[in-house]
Amino acid sequence: ASLLLLCFRSPLVTLLIFGLLLQAPFTQPSTITQPNFVLLLADDLGIGDVGCYGNDTIRTPNIDGLAKEGVKLTQHIAAAPLCTPSRAAFLTGRYPLRSGMDAINDYRVIFWNAGSGGLPPNETTFAKILQHQGYSTGLIGKWHQGVNCESRNDHCHHPLKHGFDYFYGMPFTLISDCQPTETPEMDRAFRRKLWLSTQMIGLITLTAVLGRLTGLISVRWKTLTCLAGFSLLFFISWFSSYGFVRYWNCIMMRNHGITEQPMVTDRTTSLILRESISFIERNKHKPFLLFLSFLHSHTPLLTTEKFLGRSRHGLYGDNVEEMDWMVGQVLNAIDKEGLKETTLVYFASDHGGWLERQEGERQLGGWNGIYKGGKAMGGWEGGIRVPGIFRWPGVLPAGTVIDEPTSLMDIYPTVVHLAGGEVPQDRVIDGRDLLPLLRGAVAHSEHEVLFHYCGAHLHAVRWHQKDTGAVWKAHYVTPIFSPPGAGACYDRGFCPCFGEGVTHHEPPLLFELSQDPSEAKPLSADTEPLFDTVIRKIGRAVEEHRRTLTPVPEQLSVSNVVWKPWLQPCCGTFPFCWCDKEGDN
């Protein structure tokens, strides 16, 4: 007893004992109130492009390191196979159909900064809830959810109207038109038709004028004048938009102000990385949400010189490896500020890789591993199954792999609940809180059924039969690959959602994904005893789901996606829109 008393009288031992008593339990997340969130979202990255998901030729050590230190999801599903609707679902935790951010037509994404469609102001993003919880919220990179509604400066769809305190990046999306040396990408086939029509009208006008001058055609000069005026107006009507895509769409903004119009692509990567690290440094003493929405790995694959030629997969591989390096730089910034233990890091892609994106012999789109299909295909796994990685040291068990159906929409309730907020009760939230699953507190995902849309058209449904572990998937509609058997729609550039380019299946094509993840062997009533039972179960789920849908304005209707001059963001006096404020600095 006297020895014990002597020990307690020692100042060093006393301090150690008090330190142990005050130390928080290692796996108790409740001790970290309001963790920081760093959400990393790649653009068009295929699940097969990442090392920890099976790629052994593209080097992604930093993304792989996240998986080693955290939790890797192997059945992480995007709510849509294209940028605009998938990101709307990610931000709101709701199928994009519920907010009007999926299309019944072929215009399935926002096409112009000067369109009037976008994420509706009445939608509540996770950023808006975290803002109310006292978080500093920042979006760096790609937005692609619209800008204005009725006037050039109303910013009704802008990130700052949707809960972000700070925005730096592209209000649109990266396209090849942004790179002067690349072949134009936006609406390429339609532009060819417009140019051909212009040439035909011009040729008719010129022939009529020559015929009148030579006396071969009897036509009044007034008629010829009207015809020439029509030719000019037709040309101006489309060239005023499509002829200046780089100036209208390829712009960079800081909050509401335009910093580059057009963007200077040589420095875009360094600026986005600088802004991301600066945001972390500025907000290290209070809870923050950083949504780093990469421009990588979307065409034209902006890649700095030091990464060119480094990979074994050409420019695309170089671009992915540079993005991985950027991930590493952000993680280093978190470590440097001593925030690693109090920061939940998440990495994913908005949808699958773009198989059809090629220029000659160059493959410019991603790889989706063993999964069939790719970007724009609403049902096939390759278009919607994406990487999903979480890291939170001391809270999430390192090196864990979870093969349960999860969704990008799950980020919404997960982040909101960890921040101490509540999800809206006045609307359907389709996402589910992932924390119990990620920590191993529960064995199964809360998702029993997931619905896979192509535009506003339901293409497939996934049912997780939890008692057996089976994951059934029924395809009601599939795209017709062109050329036949090619695995993608190379003749079109994108697979369609409806019309002559799809096949309707009755009964639906049925696969059991846990046994056939490549969707290579469709089941039938002859080969699967549970076929009829599964189809009926999924059919009832579809009926119940449709009863939860309510009509909303279509944000991607033709009238909303067309270019409107009065909505065009402009850093000068329209139409003379040009500035380079980063260069001035």
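The values are calculated or read from the model by the stated rules, or taken from the named source; none is laboratory data. Computed from a prediction, not measured in an experiment: that's the story for all the values here. Virtual Cβ from ideal backbone geometry, glycine too; neighbours counted across all protein chains shown. Accessible surface is based on the protein model in full, side chains and every heavy atom, while ligands, DNA and RNA are left aside. Shrake-Rupley method; radii C 1.70, N 1.55, O 1.52, S 1.80 Å.
Put a plus charge on the Cβ of each Lys and Arg, a minus charge on the Cβ of each Asp and Glu, and nothing anywhere else: the dipole of segment 418-503 about its Cα centre is then about 200 debye. Taking a straight line from the alpha carbon of Lys336, these aspartates and glutamates sit under 12 Å away, with near neighbours fewer than eight places off in the same chain left out: Glu281.
Checking the a/c ratio against 1.5 first, then a/b against b/c, what shape does the Cα gyration tensor give for segment 331-481? Can you show the working numbers first?
On the way: a/c = 1.93, a/b = 1.32, b/c = 1.47.
Because a/c hits 1.5 or more and a/b fails to exceed b/c, segment 331-481 counts as oblate.
If I ignore ligands, DNA and RNA and count only protein heavy atoms, how much of Phe235 is accessible to a 1.4 Å probe, in Å² to the nearest 10? Around 60 Å² of this residue is reachable by solvent.
Look at (i) 35.4; (ii) 37.8; (iii) 28.4: the one that is mean projected area of the Cα convex hull in nm² derived from this structure is (i).
For a 30 Å ceiling on Cα separation, which of these pairs sit above it: Lys161/Lys306; Lys193/Lys372; Lys128/Lys340; Lys142/Lys521; Lys128/Lys466? Correct reply: Lys161/Lys306; Lys193/Lys372; Lys142/Lys521; Lys128/Lys466. Segment 38-102 and segment 468-485 have Cα centres separated by 21 Å. Identify all aspartates and glutamates with a Cα-Cα distance to Lys284 below 20 Å; exclude those on the same chain that are fewer than 8 residues away in sequence. Correct list for Lys284: Asp165, Glu275, Asp335, Glu337, Glu341. Rounded to the nearest 20, the size of the Cβ-charge dipole of the chain about its Cα centre is 1080 debye, with Lys and Arg at +1 and Asp and Glu at -1.
Applying 1/(1 + (r/R0)^6) with R0 = 51 Å to the Cβ-Cβ distance of Asp335 and Ser524 gives a FRET efficiency near 0.40. Using a probe of 1.4 Å on the protein chains alone, the accessible area found for Ser151 is around 50 Å². Legend: calculated FRET efficiency, Leu203 to Asp154, from the Cβ-Cβ distance at R0 = 45 Å, rounded to 0.05, equals 0.60. The local environment of Thr125, defined by Cβ-Cβ distances under 11 Å, has a net charge of +3 under the rule Lys, Arg +1 and Asp, Glu -1. Between helix 268-282 and the chain, what is the angle of the helix's C-alpha long axis to the longest principal axis, kept within 0 to 90° and rounded to the nearest 10? That helix lies at roughly 40 degrees to the long axis. Could you tell me the center-to-center distance, by alpha carbons, between segment 514-569 and segment 302-365 in angstrom? Their Cα centres are 30 Å away from one another. Normalised size of segment 540-585, defined as Cα radius of gyration per 2.2 N^0.38 Å with N residues, equals 2.19.
Which sequence of Cys226, Cys454 reflects their accessible areas, 1.4 Å probe, from the largest down? Mind dumping the intermediate values first?
Details: Cys226 85, Cys454 0 Å².
The ordering from most to least exposed comes out as Cys226, Cys454.
So what is the accessible area of the chain per residue, in Å², with the probe set to 1.4 Å? If you can, show how the numbers build up before the last one.
Numbers: 24800 Å² over 585 residues.
Per-residue value: 42 Å².
To the nearest ten degrees, helix 314-336 and the longest principal axis of the Cα atoms of the chain are 40 degrees apart. Using a probe of 1.4 Å on the protein chains alone, the accessible area found for Trp472 is around 10 Å².
With runs of 4+ DSSP H residues as the only contributors, calculate the mean residue ellipticity of the chain at 222 nm using -39,500 (n - 2.57) per run, divided by the residue total and rounded to the nearest 500. The partial results should precede the final answer.
Numbers: 16 runs with 180 residues, N = 585.
Estimated from H runs of four or more residues: -9500 deg cm²/dmol.
Sorting His155, His457 by accessible area puts them as His457, His155; the probe is 1.4 Å, largest comes first, and only protein heavy atoms count.
In debye, nearest 20: dipole of segment 199-317 around its Cα centre with unit charges on the Cβ of K, R (+) and D, E (-)?
Working: 13 positive and 5 negative charges, 18 e Å.
I would put it at about 80 debye.
Compute the separation of the alpha-carbon centres of segment 238-290 and segment 143-202 and state it in Å as a whole number. Here the two parts' Cα centres lie 14 Å apart. Rounded to the nearest 10 degrees, the angle from helix 188-214 to the longest Cα principal axis of the chain is 10 degrees.
Taking θ as phi - 60° and the Karplus parameters 6.51, -1.76 and 1.60, the scalar couplings of segment 543-548 work out to 4, 5, 4, 5, 6, 8 Hz in sequence order, x denoting glycine and proline. Give me the percent of the accessible area of the chain that comes from carbon and sulfur atoms, probe 1.4 Å, all protein chains in place. Taking all protein chains in place, the chain shows 59 percent carbon and sulfur surface.
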